[in-house]
Structures are given as C-alpha cells and as structure tokens.
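The values are calculated or read from the model by the stated rules, or taken from the named source; none is laboratory data. Everything quoted here is computed from the prediction, not taken from an experiment. Positions of Cβ are generated from backbone atoms using ideal geometry, with glycine treated the same way; all protein chains shown enter the neighbour counts. With ligands, DNA and RNA removed, areas are computed over all heavy atoms of the protein, side chains included. Shrake-Rupley method; radii C 1.70, N 1.55, O 1.52, S 1.80 Å.
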Amino acid sequence: MSTAPTMRVLSVARGQCAPLAHAGVRPGTDAPVLSAIRKLPCSTLAQPLAIAITPLGVSGDEQADLEKHGGPLKAVYAYPAEHYGWWETTRADAGVSAGAPLAYGELGENLTLEGLLEGALWVGDTLLIGNCILRVESPRRPCYKFNAVLGYRQAARDLLVSGRSGVYLSVQQPGEIRAGDTVCLTPGPRQTPLGEINRQRFAERRHELF
C-alpha cells in the first residue's frame, strides 16, 4: 500500500533590501533597483532554528516595494523544492552560464517546502506548520526582478506557463516555524484552485510575455 509523501519545511529564509542588477532582462533603464528578492536561509535541516512568524511574515524579512510585496495577504511566500531542478535545466536551455546551483530562498521564498505542489492547493486552504496556521491566498505574480535572479528575460513567462508559481500565505496564527517541521494541509471551501488563477494571469499577460 502506497503512503502519502511527507510534507515538510526544508528551509526558512529572509532577505534584506539590496541593489539588484537587472541589465538585459528588462526593457528601458539598466540602473540597479532595491530588492529583497534573494533570501538567505536562517533555519535549515542542519541548523533547525525556530524562526518567529508574525502577522506580516518572517521576523526580520524585508520588502523594497511595499505596494506590490508583503502585507497581510502576502506575508509569507512558500515554494516547492521539487521545482529547483526544473529551473536549473530551464536556465541551461536559456543559455545561462553554469555556476553554483540555486540555493533555497534564492527564488524569493520564505519557506521552501517538500511534498506540497501548487496543484494540491486552493485559495482558503490552511497549513499548520509548527504552531503557526497559514492560509493560502494567491500564486505569485512574477516581474522583471524574477528574470534578474534567474538570469534570463523569459523567466517570468516560464513561471506562468509552467504553473510553478509558489504560493502567498497569510498568517492566521503567528508563532514559530523551523526547518524540519511537518506541514498539515486542511482543505478550505475549494472554490478557486491556484492553477486556475495561474492560467487566467497567463492569458491576461501573454501579449507582453511573448
């Protein structure tokens, strides 16, 4: 008899605002912009420190553009670890020079999760992690900063086309999360799947992305 895969946290990460170079991946000015998209792990399986989660997200995490990032409905960004290998292959196909593999948090996520993909999530589902309760709110809407991190201009398009968006979570119950914590999914009303939102967004933006 098969068993369901274990859902757990592999990394908790946070970022500080710093200049982000985006030459070649965005039309117009090449001047660096402030961004905290690159997160650094503060809790790993090797060092599973407990990290405080507040109503506005991971303690110590920053956002440079508060109009588009952060806030109660985008407090925590989670991303499946299973997608990292796909991005490495896609970057190579796009001609990005080989270097160090992408590290957890480098795609901008606060939580790198194992065993929980976007196709299993609907708006209103809740995740019990540690002593925190997080609510599924929306998939990521990528911008040129994601292109800059991945190193090629079509990265945001590929995220939408593939559905590998990750998920924004609100904090229903603050507490602490550490790497290694299991994830318990409780279904919500199950009216809006994340995949449907991704398809709608791609349809809306396909002319600017191609």
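Computed values, structure above
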item	result
Residues located in the stretch 145-185, provided they are under 21 Å from Ser11 (Cβ atoms), among the charged types (D, E, K, R) and either modelled with pLDDT under 90 or part of a strand (DSSP E or B) (or both)	Lys145, Glu176
The stretch 88-117, residues that are over 18 Å from Thr54 (Cβ atoms), among the charged types (D, E, K, R) and at pLDDT 95 or above	Glu114
In the stretch 89-121, the residues that are more than 16 Å from the chain's Cα centre (by Cα) and at negative phi	Thr89, Thr90, Arg91, Ala92, Asp93, Ala94, Val96, Ser97, Ala98, Gly99, Ala100, Pro101
Enumeration of residues in the stretch 31-53 that are open to solvent by less than 90 Å² (accessible area, probe 1.4 Å) and either part of a loop (DSSP other than H, G, I, E, B) or under 20 Å from Glu67 (Cβ atoms) (or both)	Ala31, Pro32, Val33, Ser35, Ala36, Ile37, Lys39, Leu45, Pro48, Ala50
Flag for Ser165 being of a type outside the set (Phe, Trp, Tyr), closer than 19 Å to Ala52 by Cα and open to solvent by less than 30 Å² (accessible area, probe 1.4 Å)	no
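Results for (1) open to solvent by less than 50 Å² (accessible area, probe 1.4 Å); (2) over 12 Å from Tyr168 (Cα atoms); (3) of a type in the set (Asp, Glu), shown as yes or no for each residue.
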residue	(1), (2), (3)
Gly71	yes, no, no
Ala75	yes, no, no
Ala78	yes, no, no
Glu82	no, yes, yes
Thr89	no, yes, no
Ser97	no, yes, no
Gly108	yes, no, no
Asp125	yes, no, yes
